[in-house]
Amino acid sequence: EAAEWRVARWVRSAVEAQQGRSFLWAPVCLTFGIWSYFGLTREPSLWAAMAAGLLGLAFLWLGRSKPALVLVALVVLGFTLAKLRSDHVATPLLRATTSELLITGTITDIQTTSNRRFALILAPEEVEGFPTDRRPRYLRLSAFDKFGRPRVGQRIAVKAYLAPLPTPVEPGGF
């Protein structure tokens, strides 16, 4: 029992030493919330994340004079922010190689891949057979130099085969 009292006294003194320093712990708490989101084995629903965010805002409001509650609120808000950002940047992915498709779009970038090849980064406006909600935001198309290079900002129409991203060649290698 004496050891339990010593631990409790040590925790109390450590918490008291941090009085007035809650602001310095805010990034740590937000980061912990973000990590907890990415540590999940399943994707949470947007509604669950929004409910957690509202709970975090309530904790933030109610805990204005209680630093520990503010820090808990920041953990919850970090989780919610990670979910919102993840949903914002999500894009549809190809599941299998397609047949030849007519693709219309605007070139956003050109990358040299070898002496005779380059890759176009295309923002597609229309992809034959793909509804708008399933169309990827960007496509990377490989081409040869022998026909010349288009310019960034140019609108083009091409026929191409699309393939999904390759899988990692080793565990954890992305």
So which pairs qualify, if the first residue must be in segment 44-67 and on the phi > 0 side of the Ramachandran plot, the second must be assigned to a loop (DSSP other than H, G, I, E, B) and aliphatic (A, V, I, L, M), the Cβ gap must be under 8 Å, and the two must be at least 6 apart or on different chains? none
Residue list for segment 39-75, filter: in a helix (DSSP H, G or I) and of a type in the set (Gly, Ala, Ser): ALA48, ALA49, ALA51, ALA52, GLY53, GLY56, ALA58, ALA68, ALA73
Scanning for something among the basic types (Lys, Arg) and in contact with a Ser or Thr (Cβ under 8 Å, 6 or more places away or on another chain), does segment 47-65 turn up at least one residue? no
Please give the number of the condition PRO67 fails out of (1) more than 18 Å from the chain's Cα centre (by Cα); (2) closer than 18 Å to SER86 by Cα; (3) surrounded by 15 or more Cβ atoms within 10 Å (Cβ to Cβ). (2)
The conditions are (1) assigned to a loop (DSSP other than H, G, I, E, B); (2) modelled with pLDDT of 90 or more, and SER114 fails exactly one of them. Which is it? (2)
In the set PRO150, PRO168, PRO124, which member is of a type outside the set (Lys, Arg) and under 20 Å from the mean Cα position of the chain (by Cα)? PRO168
Within segment 80-118, which residues are under 21 Å from THR167 (Cβ atoms) and touching a Leu at 6+ places or on another chain (Cβ under 9 Å)? LEU93, LEU94, THR97, THR98
Is one or more of the residues making up segment 45-53 under 33 Å from the mean Cα position of the chain (by Cα) and within 18 Å of PRO67 (Cβ to Cβ)? no
Quick check on segment 71-108: of everything there that is free of Cβ contacts under 8 Å to residues at least 12 places away in the same chain and not aliphatic (A, V, I, L, M), which residue is most open to solvent (accessible area, probe 1.4 Å)? ARG85
Residues that are hydrophobic (A, V, I, L, M, F, W, C) and either open to solvent by 50 Å² or more (accessible area, probe 1.4 Å) or farther than 19 Å from THR113 by Cα (or both), drawn from segment 141-174: PHE144, PHE147, VAL152, ILE156, ALA157, VAL158, ALA163, LEU165, VAL169, PHE174
TRP10 versus (1) exposed (fewer than 10 other Cβ atoms within 10 Å of the Cβ); (2) of a type outside the set (D, E, K, R); (3) more than 30 Å from THR132 (Cβ to Cβ): which is the lone unmet condition? (1)
Kindly indicate whether any position in segment 84-103 is of a type in the set (A, V, I, L, M), assigned to a helix (DSSP H, G or I) and closer than 30 Å to TRP35 by Cα. yes
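The values are calculated or read from the model by the stated rules, or taken from the named source; none is laboratory data. Computed from a predicted structure; not experimentally measured. Counting neighbours? That spans all protein chains shown, and the Cβs are built from the backbone with ideal geometry, glycine included. These area figures cover heavy atoms from the full protein model, side chains too; ligands, DNA and RNA do not enter into them. Shrake-Rupley method; radii C 1.70, N 1.55, O 1.52, S 1.80 Å.
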